[in-house]
Amino acid sequence: MDALECISTRRSIRRFLNVPVDFETIMTVVEAGSMAPSSGNVQDWKFIVIDDKEIMKKLCEYSLNQECIHNAAFLIVVCSDPEQTERHYGLRGQKLYTVQNCAAAAQNMLLSAHALGLGGNWVGAFDEEKIRTILNIPPDARPQLILAFGYPDEIPVHKRLKDLTLITYFNNYGETVKKFHRVLKDYSIDWEARLKQAHTTFDRLKEKTKKTAEETKKKGGSLIKKYTEKVKTTINSKKRK
Ligand SMILES: Cc1cc2nc3c(=O)[nH]c(=O)nc-3n(C[C@H](O)[C@H](O)[C@H](O)COP(=O)(O)O)c2cc1C
């Protein structure tokens, strides 16, 4: 599976088979997280791998009883450890970069899990303080999100994506490209427009030709009539003489 296929086929999986995942596979997912980009390469994250069903049950209770937390084969709680980031980047580092760094790591883990045939779900809705207590997370670290993983036991329903024309601007916020399909190198719309134009021109010419033919016929008919009349008159006048 190449990167684009992995990105486009990944979906949130919330139901898992009761099948364990081997340690090597789990660590491959963790390692993928550790390879994510981070501000100034601070790698200000800690990953808590959980496969203890009792702990998972407790975490589930404080995550709005979301079943995936309990029925997953394993969880990874991604914690930010913002001290260094704050020191380097101040408030922006503490408030923004730490969150973004963990999100990048989380997405790497979800994608790698998908590539390995696992399903995963990102859980953000939990009681932070309770999770902190259950997992003994120190005050200087922060549980940012929980990832639930396991072999999938569901096929998610189709997801509607927002149209790219609505979410993409060029060079300025709010500036859309009128002929966006050309940016996507989809020329079929242009060809359809040209074809439609050609049809219109053809129809117009057909109509014009028909009209001209009718007029010519009408004019031709009256000329013949006129000529016949003239011949008749000449013959008659000759006869009279
Ligand atoms: C910040 C964040 C928090 C989320 N929290 C939850 C959650 O608490 N429970 C859940 O089932 N899914 C959660 N999700 C997963 C989203 O519901 C899911 O990604 C979204 O519906 C799009 O579906 P997809 O992942 O299949 O593309 C969260 C995702 C993100 C990015």
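Odds and ends about this structure:
- Of the candidates D153, D190, the single residue that is of a type in the set (D, E) and without any contact (Cβ under 8 Å) to a residue 12 or more places away in the chain is D190.
- Among (1) surrounded by 14 or more Cβ atoms within 10 Å (Cβ to Cβ); (2) in a loop (DSSP other than H, G, I, E, B); (3) among the aliphatic types (A, V, I, L, M) - the single one A32 does not satisfy: (2)
- Matching residues, segment 1-50, being in contact with a Leu (Cβ under 8 Å, 6 or more places away or on another chain) and charged (D, E, K, R): R10
- Some residue of segment 136-143 being modelled with pLDDT of 90 or more, among the β-branched types (V, I, T) and in contact with a Cys (Cβ under 9 Å, 6 or more places away or on another chain): yes
- Cβ pairs under 8 Å, 6+ apart, first in segment 41-57 and at positive phi, second crowded, with 17+ Cβ neighbours inside 10 Å and not in a strand (DSSP E or B): Q43/N101
- Within segment 36-60, the set of residues being in a loop (DSSP other than H, G, I, E, B) and either of a type in the set (F, W, Y) or more than 16 Å from the ligand (Cβ to nearest atom) (or both) comprises P37, S38, V42, Q43, D44, D51, D52.
- Top-ranked residue of segment 129-167 - restricted to ones that are hydroxyl-bearing (S, T, Y) and in the same structural domain as R10 (by TED's automatic domain parsing), ranked as farthest from the ligand (Cβ to nearest atom): T133
Each row is one residue, and each column tells you yes or no for (1) among the small types (G, A, S); (2) within 16 Å of the ligand (Cβ to nearest atom); (3) on the phi < 0 side of the Ramachandran plot.
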residue	(1), (2), (3)
E5	no, yes, yes
R10	no, yes, yes
E24	no, no, yes
S34	yes, no, yes
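- Every test in (1) over 20 Å from the mean Cα position of the chain (by Cα); (2) within 13 Å of the ligand (Cβ to nearest atom) is passed by N172 save one, and that test is (2).
- All conditions but one from (1) surrounded by 19 or more Cβ atoms within 10 Å (Cβ to Cβ); (2) at pLDDT 95 or above; (3) in contact with a Ser or Thr (Cβ under 8 Å, 6 or more places away or on another chain) apply to P82; the one that does not is (2).
The values are calculated or read from the model by the stated rules, or taken from the named source; none is laboratory data. Worth saying up front: this structure is predicted, and the values here are computed from it rather than measured. Cβ coordinates were reconstructed from backbone atoms using ideal geometry, including for glycine residues, and neighbour counts include every protein chain displayed.
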